[in-house]
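Remarks on the structure that follows.
The values are calculated or read from the model by the stated rules, or taken from the named source; none is laboratory data. If you're wondering where the values come from, they're calculated on a predicted model, not measured in any experiment. A quick note on method: Cβ atoms are made from the backbone with ideal geometry, for glycine too, and the neighbour counts reach across all protein chains shown.
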Amino acid sequence: MNLEEYAAKQSVLVPAGVPTPRGVVCRSAEQASDAVAKIGPSVIKAQVPTGKRGKSGGIKMADNAEQGAAAAHAILGMTIGGSRVERVLVEERCPIERELYAAVLIDVSSRSPLVLFSTEGGMDIEEVAEQKPDAIRRHVVDVKHGFDTSDAAALLSGLDLGPATDALGDVLVRLYRAFCENDAELVEINPLAILRGGKVVALDCKFVLDDASTFRQPELAKVASPPKMTDLEQRGAAHGLRFIQLDGNVGVLANGAGLTMTTMDVINHFGGKPANFLEIGGEAYTKAEVALDLVLSNPGVKSLVVNFCGAFARTDVMAEGVVMAWESLKPKIPAFFSIHGTGEDEAVKLVRERLGIEPYDFMEDAVKAAVEAAK
Amino acid sequence: MIYRRGQKVLVQGITGKQGSFWAARMMELGTDVVAGVNPKRAGEAHNGVPIFRSAVEATRQTPCDISVIFIPPTMAKEAIIDAIDAGIGTIVVLTEHIPSHDVLEIFAHARGSKSRIVGPNTAGIVTPGDGFVGIMPGHNPNIFMPGNIGVISRSGSLGTLMCLNLTRAGLGQSAFIGIGGDPIIGTTTRDALEALDRDERTSAVVLVGEIGGAMEEEAAEYARGMKKSVVSFIAGRSSPPDKKMGHAGAIVTGGRGGYASKRAALENAGVRVADTPAEIATFLSQARVA
């Protein structure tokens, strides 16, 4: 789950003691006008859970209340990266001397937190990695030891950061603590600015909350941006099902992420297009009835592949759910089954007797038939 | 990470619904389940298996080679660290959705210890004819059959399909190693490939990968030098791009993780990559004839 800039600053950086500019969240031009009148020369920034706001015209300057209202009026209601702008952050404009980069993230290859620092702030870190790889410093953290002032000093040594070095080190230590205490997947400050006079301030912040930790971070989960979902996807989520609506016409119902992705791949391989991703893996295998309802509610669906290979998931339980849903919904599209694994004999019998459909021995044949039928 | 008959298994969470069900299936197939853990029922027995307060307590009474974790995500960290402290050699973690920071702590504890972690979010390990540990249909003879093909899979369901296809083609398996679907796991594709390369029962390997991460690329580097033939299927070719990857996340994997990169790395290393699961058996039969 991503936090928008204002939420990341308010809920993560400020409590951690990382300095941020004075700012106010505004939902209207009037509020923005008042905010600029109070703060003085400001930056008005669109609040959306995506980058590239500047390039899309989502960041404007305002010297006075009138300009603040105009800027907010222009930005509110814009669509940036598929998200409608509902809020702007009005923030005091800071006299920037230097733009830097700092982040802490979960590093998969070392199975550890990774602290990153770069002297090239304000640009995408991927670009820095490509163009100036030497500008990036990395520190793999041993979580038993943590990340302290001396680690920060070592990371920053030799970078010629002048008198701000200690303040930057302090920000890194606080950022690491914020990363740990808030179950972050990523916390990134870009740019981290040194101001005229030497003060260090976080001008932007990106925060990604670990999805598996929302239960113990309820406050952060509340202020996180809800993931963008279609109505059907929301219905799936309400039932604890990961449903992704796609633009094809062959509906997919399979168990397990690996088998579901594979079913989609094989549909593509035979010249068809999948209408959805829907996994009923793990404990969700008992939800086949809801799942089938979702797949069939997708307006583009012309045929259906049901591909079960039961390990933990029992195919007889899944098939029973499918048969019940099929009988109550009475869909007008053809369905093609392939069923193997735990509970296979009962599942095949159910589908054969109740739906009058003979399952295929190989999933490839079921998919081929479904692609043909959808044409 | 390859189960062998006679290896002694501890089941943490043996009295739970799934732990109880799968422990019984494992024992039916000959897996040597010697102990279980449930702090509230220490001293009792469950389906004839003695229950202990902790893994440390259990191993004091009876040696265990493998522990399998049937513990919900919020309590998994303590259970796994208990197994590490008990000095158990292989810890098979079935639990999905363990908080990422707990996972980091688990691996910090495992570093420098005697324990290898398989998973989290694995379906387990199977050696047809010997036994299995986890939630795989190891007891289903239509799916698993003894033989000499080693199978590595991130996914339980897709791994099951692969073994089923092999069995139907008369190609038995020497070992199935489920490594788990999480981004951070203790046993990588490459670790499993190295183990199967060393295993004398294994003559060829099926590597079942998925998009995301860089494990298939790393395994390809090792496969290049192998004498045994390796064939592969990578799931996710047609999946919409993963939006979860943060800016800073992309940098540590160096932009790797997509289907094309994995397929190219494997093919450059001499690994044939199948377009559909059923092609795998054909590839193996052709490799055998050649």
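What the table shows:
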read-out	value
Residue among B:LYS114, B:LYS77 that alone is part of a loop (DSSP other than H, G, I, E, B) and among the basic types (Lys, Arg)	B:LYS114
Subset of the range A:120-156 that is closer than 22 Å to A:ALA212 by Cα and in contact with a helix residue (DSSP H, G or I) (Cβ under 6 Å, 6 or more places away or on another chain) - its residue that is surrounded by the most Cβ atoms within 10 Å (Cβ to Cβ)	A:VAL143
Subset of the range B:191-214 (residues that are within 17 Å of the chain's Cα centre (by Cα) and touching a residue at least 60 places away in the same chain (Cβ under 8 Å))	B:ASP191, B:ALA192, B:ALA195, B:LEU196, B:ASP199, B:VAL206, B:LEU207
Matching residues in the range A:64-119 - criterion: being surrounded by fewer than 22 Cβ atoms within 10 Å (Cβ to Cβ), of a type in the set (Ser, Thr, Tyr) and in the same structural domain as A:ALA164 (by TED's automatic domain parsing)	A:SER109, A:SER110, A:SER112, A:THR119
Which numbered condition B:LEU161 fails, given (1) out of contact with any Cys (no Cβ under 6 Å at 6 or more places or on another chain); (2) within 16 Å of A:GLY256 (Cα to Cα); (3) among the aliphatic types (A, V, I, L, M)	(1)
Subset of the range B:214-232 that is part of a helix (DSSP H, G or I) and over 12 Å from B:ILE152 (Cβ atoms) - its residue that is farthest from the other protein chains (Cβ to nearest Cβ)	B:ALA220
Number of positions in the range B:130-164 that are within 10 Å of another protein chain (Cβ to nearest Cβ) and more than 21 Å from A:GLU279 (Cβ to Cβ)	4
Residue among B:ALA169, B:ALA195 that alone is within 13 Å of chain A (Cβ to nearest Cβ), surrounded by fewer than 22 Cβ atoms within 10 Å (Cβ to Cβ) and among the hydrophobic types (A, V, I, L, M, F, W, C)	B:ALA169
Of all residues making up the range A:162-188, the number that are in contact with a Lys or Arg (Cβ under 8 Å, 6 or more places away or on another chain) and assigned to a loop (DSSP other than H, G, I, E, B)	1
Residue list for the range B:42-69, restricted to those being in contact with a Pro (Cβ under 9 Å, 6 or more places away or on another chain) and polar (S, T, N, Q)	B:SER54, B:GLN61, B:THR62
Failed item, numbered, when B:ASP182 is tested on (1) more than 11 Å from chain A (Cβ to nearest Cβ); (2) farther than 19 Å from A:GLY341 by Cβ; (3) of a type outside the set (A, V, I, L, M, F, W, C)	(1)
Top-ranked residue of the range A:359-371 - restricted to ones that are touching a residue at least 60 places away in the same chain (Cβ under 8 Å) and charged (D, E, K, R), ranked as surrounded by the fewest Cβ atoms within 10 Å (Cβ to Cβ)	A:GLU364
Enumeration of residues in the range A:317-336 that are buried (at least 20 other Cβ atoms within 10 Å of the Cβ) and within 14 Å of another protein chain (Cβ to nearest Cβ)	A:MET318
Condition broken by A:LYS375, with the remaining ones in (1) among the basic types (Lys, Arg); (2) surrounded by fewer than 20 Cβ atoms within 10 Å (Cβ to Cβ); (3) modelled with pLDDT of 95 or more satisfied	(3)
Restricting the range B:83-111 to residues that are assigned to a loop (DSSP other than H, G, I, E, B) and more than 12 Å from chain A (Cβ to nearest Cβ), the residue that is nearest to the chain's Cα centre (by Cα)	B:GLY89
Search result, residues across the range A:193-212 that are touching a helix residue (DSSP H, G or I) at 6+ places or on another chain (Cβ under 7 Å), within 13 Å of another protein chain (Cβ to nearest Cβ) and either part of a strand (DSSP E or B) or among the hydroxyl-bearing types (Ser, Thr, Tyr) (or both)	A:LYS206, A:PHE207, A:LEU209
Every residue from the range A:286-298 that is surrounded by fewer than 23 Cβ atoms within 10 Å (Cβ to Cβ) and under 23 Å from B:THR95 (Cα atoms)	A:THR286, A:LYS287
Count of residues meeting criterion [closer than 30 Å to A:PRO299 by Cα and either loosely packed, with under 12 Cβ neighbours inside 10 Å or in contact (Cβ under 8 Å) with a residue 60 or more places away in the chain (or both)] in the range A:217-234	6
Residue under evaluation B:VAL56, criteria (1) within 14 Å of chain A (Cβ to nearest Cβ); (2) touching an Asp or Glu at 6+ places or on another chain (Cβ under 6 Å), criterion not met	(1)
Residue within the range A:274-287 that is modelled with pLDDT of 95 or more and assigned to a helix (DSSP H, G or I) present	no
Filter result (more than 10 Å from every other protein chain (Cβ to nearest Cβ), surrounded by fewer than 24 Cβ atoms within 10 Å (Cβ to Cβ) and outside any helix (DSSP H, G or I)) within the range A:339-358	A:GLY356, A:ILE357, A:GLU358
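So that you can scan it fast, the table gives a plain yes or no per residue for (1) surrounded by fewer than 18 Cβ atoms within 10 Å (Cβ to Cβ); (2) touching a Phe, Trp or Tyr at 6+ places or on another chain (Cβ under 9 Å):
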| position | (1), (2) |
| --- | --- |
| B:ALA55 | no, no |
| B:GLN61 | yes, yes |
| B:ILE69 | no, no |
| B:GLY87 | yes, no |
